[in-house]
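The values are calculated or read from the model by the stated rules, or taken from the named source; none is laboratory data. Given the structure is predicted, the values throughout are model-derived calculations rather than measurements. Neighbour counts are summed over all protein chains in view; Cβ atoms, including those assigned to glycine, are modelled from backbone coordinates with ideal geometry. The protein model used for the area step is the full one, side chains on, heavy atoms only, and it has no ligands, DNA or RNA in it. Shrake-Rupley method; radii C 1.70, N 1.55, O 1.52, S 1.80 Å.
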Amino acid sequence: MNGCDHQTPNYALPEFIRYFNETHDDYELRQVSLTQYLDELHITPGELTVLCGEQNRTNYSAGRHLNPTLKNTFSTHIPQKIENAQCEAGLVRCAEPLSAMLAAAHLPLGLHYLDTAWKYLLQNHPHDSICGCSCDNVARDMERRFAWARDITQQYQQEAMRRLAAQTDTQQTLADEIPVQLFHLSPWPEENAIQTFTLRLPADTLLRGLAIRTADGQDIPCQIVRLRKDGVILHPMDRDPSWDDYLLADVLVQLPHQAAMSWTTLYCRPSIVPLSLPERPVVRFQTLENEYLQVSIQPNGTLDVKNKRSGTAYRGLNLFTDEADIGDAYLFSPELTAKVWNSATSVPSIRIQQGALCTSAILDWRYRRKPDEAEQLLRLTLSLRKNDPLLRFHLEIENRAGDHRLRVHFPTGFSCDESFADSIFTVEAHPIRRRQPKPEAWVETESGCYAQKRFVYLQNGRKRLVFMGAGLLEYEASDGENGADLAVTLLRAVGRCGSVRSMTAYAPPGPCALYPQDSQLLGNWEMEYALAFDTPDSELSMLAERYHTPELYYQDTAHPAQMQESAQSLFCLDVPEFVVSCVQGLGDGEILIRGYQYTGHSLSVSIRFCRSIQTAWRTDFTGNRREAVDISGDTLAFSAPHAKIMTFVVRL
């Protein structure tokens, strides 16, 4: 290849080829494209070896072939990994499903906006860019492209929701009410679920209570979580010159029912006096509890969790460790004589915030790994919502030191041989115990670190511990004192692209003279993750999709419309095991749907749409239509083989 990895193309290559061919009779050099090169090899697909899986094991053959896997790039520049996951979710789980709703309603909104956002996002995906192992200027250019992709996506979402909301009649809005449209972009319906939105009010509003009702007049529970003032513009057309600032109220609301791929109209009435609230749950000392879980916070900040449905218990969860890292952007390398900070030896401050729909606990740690190092700050907010099987975490980190790795540990209390991580179109099994190469083959120490996309879990029998975290890719499962331990990297601060000090590689994998200081990640960072307990296979993918799908809302006004609320659901999926990975509007009533399943056997799938299907096609991965599909009224039914990507184009 003329130009690859960190090397730019050599523009003198044509002249070198000409000189070589003039001075050599036994060989001829030609510069061709990769396609031409493959064509001239004359290899048929049947002659090629088929490889399955991730192919991320280190070298075990003699001769020290320099093919290191460099797995710790999963944890370099973690804030950018999180930003990438957020941009992808904004496009795949929000903007593109909204485009499908617009296509079904024959309300065109150009997909070229999303194409531009995808272009900026994909420009951040070369391996040395998204892996975080380049110079500071590359990382800063990525920040700009993330911002461009995010801004375009959010503007598209706002305009799409505005056009869809205009189809709903909100004339019943009372004088003191504000209509809000809540969007539920999951392909499954949901009952009694908690959803969040932010109510935007004039800055001088005195807000002490809030009453919310549905379109049919039913009062529903709500909870004001936080009040803040901030000058925001959600859409250029929404700008009111008299509102230089807004009072923003973050609100939790419990909806009795949400149809799949739909939106629901709520009417919010602010009040200057406190309103009667639903009965609050009883909060025991340093304990959070709902219908699914009982969470006890220990004095050192670790968590003991009891699953009230299955009766299983987990102890010592969410233990933080912070250790020195003398490696580089590619590989973690411990400093053997350095002290490892362990939150089990610390006593955080603990505050409980009680609410009708969500009870939270705020834990603060201050620590130093060594006496001459700046103090590190961690603030962890635990949240347990009503009728929710997920234990949610929001972590704020004030990082004041370099060359270290912060991880969170979840001891399971049981033994197991493998971890199972969600990957691209499948779930991969990874061994917990590592086999190291022989000395004559060693180029890299076999790492126990792997990547997860939507979730990773460990299990033994009916006990299963599930971790979900967008952008927190790197995890390691190992044998601990109390069974298998799941460790997830939260922050890895390094200041070298390649390091000769690394104890885990035969040779520096990158340029040693490159010292990117931005990868030390000094400053304030935030991240979110969640735990689920004993979730069966039939529910796991559905639960992960709901967690990773952002909650969208649109603050509306009173207006007439033709569409009735009962017609707002685009489609509904009948099985939770089928993963819908793409929903996109193609215009003129056409919708593209792509998905897969990994149950190990064929699965019968039915997708019921909001109205009758005119035609449906099975397509290839690039969208080329291959064959017509039999349809029955408003239902698309098909058999989905294991681990096969299925793509359909449906015209309503």
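Within the set of pairs 6 or more residues apart or between chains, which connect a residue that is within 17 Å of residue 1 (Cα to Cα) and surrounded by 10 or more Cβ atoms within 10 Å (Cβ to Cβ) inside the stretch 19-45 to a residue that is modelled with pLDDT of 85 or more and not hydroxyl-bearing (Ser, Thr, Tyr) with Cβ atoms less than 7 Å apart?
Partner pairs satisfying both residue conditions: 29/17; 29/20; 29/21; 31/13; 31/14; 31/17.
Search the stretch 461-477 for residues being modelled with pLDDT under 95 and more than 19 Å from the chain's Cα centre (by Cα), and hand back the single one that is nearest to residue 415 (Cα to Cα).
Restricting to residues being modelled with pLDDT under 95 and more than 19 Å from the chain's Cα centre (by Cα), the top hit is 461.
When you scan the stretch 1-40, how many residues do you find that are outside any loop (DSSP other than H, G, I, E, B), aliphatic (A, V, I, L, M) and within 26 Å of residue 126 (Cβ to Cβ)? It would help to see each step written out before you state the result.
Residues of the stretch 1-40 that are outside any loop (DSSP other than H, G, I, E, B), as a first pass: 4, 7, 13-23, 34-40.
Narrowing the set further to residues that are aliphatic (A, V, I, L, M) leaves 13, 17, 34, 38.
Retained after the next criterion (residues that are within 26 Å of residue 126 (Cβ to Cβ)): 13, 34, 38.
Residues flagged as outside any loop (DSSP other than H, G, I, E, B), aliphatic (A, V, I, L, M) and within 26 Å of residue 126 (Cβ to Cβ) within the stretch 1-40 amount to 3.
List the number of the failed condition for residue 613; all other conditions in (1) among the aliphatic types (A, V, I, L, M); (2) touching a residue at least 40 places away in the same chain (Cβ under 8 Å); (3) part of a loop (DSSP other than H, G, I, E, B); (4) within 19 Å of residue 103 (Cα to Cα) hold.
(2)
What is the residue count in the stretch 474-517 for residues that are under 24 Å from residue 79 (Cα atoms) and among the hydroxyl-bearing types (Ser, Thr, Tyr)?
Final tally of qualifying residues: 5.
One residue is enough: does the stretch 53-70 have a residue meeting the conditions hydroxyl-bearing (Ser, Thr, Tyr), at pLDDT 80 or above and within 19 Å of residue 128 (Cα to Cα)?
Initially, the stretch 53-70 is screened for residues hydroxyl-bearing (Ser, Thr, Tyr), giving 58, 60-61, 69.
Now drop any that are not at pLDDT 80 or above, which leaves 69.
Checking which are within 19 Å of residue 128 (Cα to Cα) leaves us with 69.
For the stretch 53-70, residues hydroxyl-bearing (Ser, Thr, Tyr), at pLDDT 80 or above and within 19 Å of residue 128 (Cα to Cα): present.
If I filter the stretch 543-550 for residues that are open to solvent by less than 60 Å² (accessible area, probe 1.4 Å), in a helix (DSSP H, G or I) and farther than 30 Å from residue 260 by Cα, do I get at least one hit?
Of the residues in the stretch 543-550, the ones open to solvent by less than 60 Å² (accessible area, probe 1.4 Å) are 543-545, 547-550.
Within this subset, residues satisfying the condition of being in a helix (DSSP H, G or I) are 543-545, 547-548.
Retained after the next criterion (residues that are farther than 30 Å from residue 260 by Cα): none.
Within the stretch 543-550, not a single residue is open to solvent by less than 60 Å² (accessible area, probe 1.4 Å), in a helix (DSSP H, G or I) and farther than 30 Å from residue 260 by Cα.
Any chance the stretch 487-504 includes a residue that's in contact with a His (Cβ under 8 Å, 6 or more places away or on another chain), among the hydroxyl-bearing types (Ser, Thr, Tyr) and at pLDDT 95 or above?
Checked against the condition, which is being in contact with a His (Cβ under 8 Å, 6 or more places away or on another chain), among the hydroxyl-bearing types (Ser, Thr, Tyr) and at pLDDT 95 or above, the stretch 487-504 yields no hits at all.
Give the stretch 484-514 a look and list any residue that's in a loop (DSSP other than H, G, I, E, B) and either under 30 Å from residue 411 (Cα atoms) or of a type in the set (Lys, Arg) (or both), or say none. If you could, list the steps in order and put the result at the bottom.
If we filter the stretch 484-514 for residues that are in a loop (DSSP other than H, G, I, E, B), which is where we start, we get 494-504, 506-514.
Scanning the stretch 484-514 gives 494, 496, 501, 502, 503, 504.
Restricting the search to the stretch 463-481, which residues are farther than 13 Å from residue 416 by Cβ and open to solvent by 10 Å² or more (accessible area, probe 1.4 Å)?
470, 473, 476, 481
Which members of the stretch 332-358 meet the condition of being open to solvent by 10 Å² or more (accessible area, probe 1.4 Å) and either farther than 22 Å from residue 394 by Cα or hydroxyl-bearing (Ser, Thr, Tyr) (or both)?
Result: 332, 334, 335, 336, 337, 338, 339, 340, 345, 346, 349.
Please list, ordered by residue number, the strands (runs of 3 or more DSSP E) wholly in the stretch 382-450 having 3 or more residues that are modelled with pLDDT of 95 or more. So that I can check it myself, show each step before the final result.
Numbers: elements: 391-399, 404-411, 418-423, 426-431.
It comes to 391-399, 404-411, 418-423.
Could you look through the stretch 616-628, keep only residues that are surrounded by 12 or more Cβ atoms within 10 Å (Cβ to Cβ) and modelled with pLDDT under 90, and pick out the one that is nearest to residue 101 (Cα to Cα)? Before you say what the answer is, go through the steps one by one.
Going through the stretch 616-628, the residues surrounded by 12 or more Cβ atoms within 10 Å (Cβ to Cβ) turn out to be 616-619, 623, 625.
Restricting the remaining residues to those that are modelled with pLDDT under 90 gives 623, 625.
Values: 623: 19, 625: 22 Å.
So, considering only residues that are surrounded by 12 or more Cβ atoms within 10 Å (Cβ to Cβ) and modelled with pLDDT under 90, the one nearest to residue 101 (Cα to Cα) is 623.
Output the residues belonging to the stretch 174-185 that are open to solvent by 30 Å² or more (accessible area, probe 1.4 Å) and in contact with a Pro (Cβ under 9 Å, 6 or more places away or on another chain). Steps first, please.
Start the filter on the stretch 174-185 by keeping residues that are open to solvent by 30 Å² or more (accessible area, probe 1.4 Å), which leaves 174-176, 178.
Passing the criteria: 176, 178.
Residues in the stretch 498-541 that are under 27 Å from residue 304 (Cβ atoms) and either open to solvent by 70 Å² or more (accessible area, probe 1.4 Å) or of a type outside the set (Phe, Trp, Tyr) (or both): how many? Write out each step before concluding.
Taking the stretch 498-541 and keeping what is under 27 Å from residue 304 (Cβ atoms), we get 526-537, 539-540.
Pick out the ones that are also either open to solvent by 70 Å² or more (accessible area, probe 1.4 Å) or of a type outside the set (Phe, Trp, Tyr) (or both) and you get 526-528, 530-532, 534-537, 539-540.
Going through the stretch 498-541 one residue at a time, the tally reaches 12.
May I ask you to list the residues in the stretch 363-372 that are free of Cβ contacts under 8 Å to residues at least 60 places away in the same chain and open to solvent by less than 20 Å² (accessible area, probe 1.4 Å)? Steps first, answer last, please.
To start, the set of residues in the stretch 363-372 that are free of Cβ contacts under 8 Å to residues at least 60 places away in the same chain comprises 364, 366-372.
Selection gives 367, 369.
Between a first residue in the stretch 69-91 that is more than 30 Å from residue 183 (Cβ to Cβ) and a second residue that is open to solvent by less than 20 Å² (accessible area, probe 1.4 Å) and in a helix (DSSP H, G or I), which pairs have beta carbons less than 7 Å apart while being 6 or more apart in sequence or on different chains?
Hits for this filter: 76/519; 77/139; 77/519.
Yes/no per residue for (1) without any contact (Cβ under 8 Å) to a residue 12 or more places away in the chain; (2) surrounded by fewer than 17 Cβ atoms within 10 Å (Cβ to Cβ); (3) part of a strand (DSSP E or B):
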position	(1), (2), (3)
134	no, no, no
141	yes, yes, no
149	no, no, no
153	no, no, no
160	no, no, no
172	no, yes, no
193	no, no, yes
201	no, no, yes
206	no, yes, no
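Could you check how many residues of the stretch 210-242 are assigned to a strand (DSSP E or B), out of contact with any Gly (no Cβ under 6 Å at 6 or more places or on another chain) and either farther than 16 Å from residue 178 by Cα or modelled with pLDDT under 90 (or both)?
The number of residues fulfilling the criteria is 6.
For residue 46, indicate whether it is touching an Asp or Glu at 6+ places or on another chain (Cβ under 9 Å), modelled with pLDDT under 90 and of a type outside the set (Asp, Glu). Spell out how you get there, then give the answer.
Working: touching an Asp or Glu at 6+ places or on another chain (Cβ under 9 Å): no; modelled with pLDDT under 90: yes; of a type outside the set (Asp, Glu): yes.
No: the conditions fail for residue 46.
Tally time: how many residues in the stretch 93-122 are touching a Cys at 6+ places or on another chain (Cβ under 7 Å) and open to solvent by 40 Å² or more (accessible area, probe 1.4 Å)?
Restricting attention to the stretch 93-122, the residues satisfying the condition of being touching a Cys at 6+ places or on another chain (Cβ under 7 Å) are 96, 104, 121.
From what's left, open to solvent by 40 Å² or more (accessible area, probe 1.4 Å): none.
Adding up the residues that qualify gives 0.
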